[in-house]
1. What FRET efficiency comes out for the pair SER11/ILE149, r = Cβ-Cβ distance, R0 = 25 Å, nearest 0.05?
2. I'd like the carbon and sulfur percentage of the solvent accessible area for the range 1-127, probe radius 1.4 Å, heavy atoms only, ligands and nucleic acids excluded.
3. As an exercise, identify the trypsin sites (Lys or Arg not before Pro) in the range 1-98 lying in DSSP coil whose Cβ has no more than 12 other Cβ atoms within 10 Å.
4. Per DSSP H run of at least 4 residues, take -39500 (n - 2.57); add these up for the chain, divide by its residues and hand me the 222 nm value, nearest 500 deg cm²/dmol.
5. How many percent of all Cα-Cα pairs in the range 28-85 sit more than 18 Å apart?
6. Aspartates and glutamates near LYS48 by alpha-carbon distance under 15 Å, same-chain residues fewer than 8 away left out - which ones?
7. Which label belongs to the value computed from this structure, given these candidates for mean projected area of the Cα convex hull in nm²: (1) 12.1; (2) 10.8; (3) 17.4?
8. How much accessible area per residue does the chain have, in Å², with a 1.4 Å probe?
Amino acid sequence: QLTIMMKWSISPKVRRWIRILHRDLGFVMVGLCLVYGISGLLLNRIDKSDPSYKVETVEITVESGLTMDEFEQFWQAGPERPVLNSVGHMGEKYRLLLQGGVGEYDPLTGALYYETSKRKPFAYWVSRLHYNRVGGWSLMADIFAVGLIFFAISGLLMVKGKNGIVGRGKWYLIIGLLIPVIYILLGG
């Protein structure tokens with residue numbers, strides 16, 4: 001084990017600079033870590049609904065038998081309704097295109113259904129950054145990725161001795177490497 005320790009020996013001067021860079025770049029990277037961490041948590045729940053939008057659904061029964069013109073007049077009379085962009089036929093029903101939503105009206109039954117969505121600004125923008133859908137963000141995403149690689153490697157080299165990579169650290173490293181491998185092998 002002594003020969004392994006010799007191979008991993010780093011001069012105190014180099015180790016000092018690794019610590020300084022790790023610490024100072026770590027402070028710089030906090031904002032990016034928060035963007036990717038928070039957006040990652042939000043995006044992990046996207047199978048339920050898009051976390052970037054608040055969706056409101058309304059189902060009511062109104063007067064049946066309205067013509068398209070009568071329906072438009074009825075809609076305009078409701079002050080709390082979203083703006084109606086257009087009404088079209090969809091089989092026996094009317095298809096509603098709303099500002100920020102869609103809906104339908106069944107003239108036979110009077111059933112009216114519509115849903116609207118409003119953007120949640122913070123969740124929307126961190127998700128766009130996470131997906132790299134903001135112009136010019138690719139460079140920042142690449143810098144962040146290189147920074148993560150640096151933190152992983154410098155973190156391995158900062159601690160020496162029995163708590164470092166040649167001691168118990170190697171076992172934690174192996175565990176960390178095995179987690180994604182086992183997940184992939186189990187068909188995750």
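The values are calculated or read from the model by the stated rules, or taken from the named source; none is laboratory data. Fair warning: this is a prediction, and the values are worked out from it, not measured in the lab. Cβ: placed from backbone, ideal geometry, glycine included. Neighbour counts: every protein chain shown. Accessible surface areas use protein heavy atoms only, side chains included; no ligands, DNA or RNA. Shrake-Rupley method; radii C 1.70, N 1.55, O 1.52, S 1.80 Å.
1. Numbers: r = 22 Å, r/R0 = 0.89.
Calculated transfer efficiency: 0.65.
2. Numbers: 5180 of 8840 Å².
So the carbon and sulfur contribution to the accessible surface is 59 percent.
3. Numbers: sites: LYS7, LYS13, ARG15, ARG16, ARG19, ARG23, ARG45, LYS48, LYS54, LYS93, ARG95; in loops: ARG45, LYS48.
Hits after loop and neighbour filter: ARG45, LYS48.
4. For the chain, the value works out to -17000 deg cm²/dmol.
5. Values: 994 of 1653 pairs.
The proportion of pairs with Cα distances above 18 Å equals 60 percent.
6. List returned: GLU56.
7. Checked against the structure: label (3).
8. Working: 13250 Å² over 188 residues.
Using a 1.4 Å probe on heavy atoms only, each residue of the chain averages 70 Å².
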